[in-house]
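The values are calculated or read from the model by the stated rules, or taken from the named source; none is laboratory data. It should be emphasised that the depicted structure is a prediction, and the values quoted were computed from it without experimental measurement. We place every Cβ from the backbone using ideal geometry, glycine too, and count neighbours over all the protein chains shown. The protein model used for the area step is the full one, side chains on, heavy atoms only, and it has no ligands, DNA or RNA in it. Shrake-Rupley method; radii C 1.70, N 1.55, O 1.52, S 1.80 Å.
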Amino acid sequence: MRAASNEGEMQPDQSMSVAEGLARLGVAARLLSAVGDDALAAMVDAHAAGTPLQTADIRRVAGARTATYT
């Protein structure tokens, strides 16, 4: 997920958006990713929880920060 440029809220990154879109179309989509144990990871979890996306393959890395891009 990345910060929206002017809204101050988090938006899903492209891979999560594609996987979520496929899942909403009925495709069995999984997100393979790694996140830290920070607030951004909690936002990823919260966003994914509201979707049909399978997230069991998201690895949580203790002591790490979740990566972002701009």
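The candidates Thr51, Thr68, arranged from most to least accessible area with a 1.4 Å probe in the full protein assembly, appear as Thr68, Thr51. Between the amide H of Asp38 and those of Thr66, distances stay under 5 Å, these residues lying 5 or more places away or on another chain, with hydrogens modeled in the peptide plane. In nm, give the distance between the simple-model label positions of Ala62 and Ala49, each being 7 Å from the Cα along the Cα-to-Cβ direction. Spacing of the two 7 Å Cα→Cβ label points: 2.2 nm. Under 5 Å between amide hydrogens, built in the peptide plane, is the criterion, and for Ser33 it picks out Ile58, Arg59 among residues at least 5 positions away or on other chains. Working note: Karplus 6.51/-1.76/1.60 with θ = phi - 60° gives segment 30-36 the couplings 10, 9, 9, 7, 9, 9, x Hz, where Gly and Pro are set to x.
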